[in-house]
Amino acid sequence: MTPGLSDPTLIAVVVGAVALTALGALILSLMARLRDMAQTQVQLTGGLAALADAQRRAESQVGAALGDSATRTATALGDLQQRLATIDRAQANIERLSGDVLGLQDILSNKQTRGAFGEIQLRDLVGRALPPDGFTWQAQLSNGRRADCLIHMPDPPGPLVIDAKFPLEAYEAVIESPKDQRAITAFRASVRTHIRAVADRYILPGETAEGACMFLPSEAIYAELHANHAELVREGFAARVWIVSPTTCMATLNTLRAILKDHRMREQAGDIRRALAALHRDVELVVERAAKLETHFDQARRDVEGITTAAERAGKRAHRLDGFDFAEDPAPQPRLAPVIRRG
């Protein structure tokens, strides 16, 4: 009996075949996907390896860059630290200089200490320009005044006085208010008063030179006087008070040193002339005694010649006596003494 389409067995076989066919197709599809996935995995693995290599290179470059940056940063920090240390030292110097300036201001604000400050500058200049015995500090004069510095110049011109004090308060007022006529008038009055005081105290006829020097411890004051107050300089000339700054004072001291040197050379020239005169007398005595000694030598030479002649005659007589020859010797001829020329 032929099975029909409604046979359950046939249906089961057909369904199983279809299922097997579908399963095989599914398996083949899965295998193809697995191959694709394997290839994809291989590609992904290669990409991951390249990515890891790139990451390692990037990390190496970043590390090197960070190392260089750290080195540069450390160097920059070291330089910055050195510069800060330099700034600290400069700040300390500035603070110390500020203290010195304040101290100098305190010194210059007091008349006595200001005079001592000017005298210190003058001492330095005079000590470098003149010999130690060429000047005296705080020399007592016959009028009871003490000269800051007395230069021992020969007469003429005579001892020269250098005064180291100056009215600085009036000058500071002019500097603070250059247009203030009252300050300018007070400055001129103080300078005139000081010029007259120097002339009255330190120009003493018969005791000191006919002029004196007024020392200014600042080139700025000297320039201010000559630039804007020339009449004060002319008044100083008229009073025979020469206004000098540190620079012009050094030039003046060098001139005074040349005068002192010339004076001492003239004094020594007199001693040299006296010594030469004594030496000339000694030379004359030597020449005189040499002439006498030459006369003695001449007489001694004649005596020696006479002794030689007598010895020759004695030898001849001894020879004849030895040969029993008793004949008389001929009379000896006189010998002339040599002529001695004296120049």
Cut-off under 5 Å, modelled amide H: who pairs with Ile243 long-range: Met214
Rounded to 10°, Cα long-axis angle of helix 8-109 versus longest principal axis of the chain: 20 degrees
Bridge type composition, the chain - antiparallel percent by DSSP, nearest 5: 55 percent
The chain, helix-only ellipticity at 222 nm - DSSP H runs n ≥ 4, -39,500 (n - 2.57), divided by all residues, nearest 500: -26500 deg cm²/dmol
0 to 90° range, to nearest 10: angle between helix 111-129 axis and the chain longest Cα axis: 70 degrees
Mean accessible surface per residue for the chain, computed with a 1.4 Å probe while every protein chain stays in place, in Å²: 71 Å²
Computed E for Asp68/Ile94 - FRET, C-beta separation, R0 35 angstrom, nearest 0.05: 0.40
Label of the coordinate-derived value, log10 I(q)/I(0) by the Debye sum over Cα atoms at q = 0.06, 0.14 Å⁻¹, listed as (i) -0.21, -1.12; (ii) -0.30, -1.05; (iii) -0.63, -1.19: (iii)
Positive minus negative residues near His296 (Lys, Arg vs Asp, Glu; Cβ under 12 Å): +1
Inter-label distance for Leu321 and Ala230, nm, one decimal - labels placed 7 Å from Cα along Cα-to-Cβ: 11.8 nm
GNM top mover of Arg273, Arg35, Arg234 - the chain, alpha-carbon springs below 10 Å: Arg35
Euclidean distance between Cα centres, the range 27-45 to the range 164-232, Å: 113 Å
Phi-based couplings in Hz for the range 233-247 (Karplus 6.51, -1.76, 1.60; Gly and Pro marked x): 5, 5, 5, x, 4, 5, 7, 6, 10, 8, 7, 10, 9, x, 6
Fraction of accessible area attributable to carbon and sulfur, the chain (%, probe 1.4 Å): 62 percent
Within-13-Å neighbourhood charge of Glu207 [Cβ basis; K, R +1; D, E -1]: 0
Most to least packed among 198-204, 57-63 [average Cβ atoms within 10 Å]: 198-204, 57-63
Ranked by how many other beta carbons lie within 10 Å on average, peptides 44-55, 162-173, 131-142 from highest: 162-173, 131-142, 44-55
For Ser60, net neighbour charge (Lys/Arg +1, Asp/Glu -1) across residues whose Cβ lies under 15 Å away: -1
Cross-link partners of Lys316 among aspartates and glutamates (Cα-Cα below 18 Å; sequence separation of 8 or more within a chain): Glu305, Asp325, Glu328, Asp329
Relative packing of peptides 222-230, 86-94 - highest average C-beta neighbours within 10 Å first: 222-230, 86-94
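The values are calculated or read from the model by the stated rules, or taken from the named source; none is laboratory data. Every value quoted in this text rests on a predicted model; they were computed, and no experiment measured them. Because the Cβ atoms are built from the backbone with ideal geometry, glycine has one as well, and the counts that use them run over all protein chains shown. To get the accessible areas, we keep the full protein, side chains included, count just its heavy atoms, and leave off ligands, DNA and RNA. Shrake-Rupley method; radii C 1.70, N 1.55, O 1.52, S 1.80 Å.
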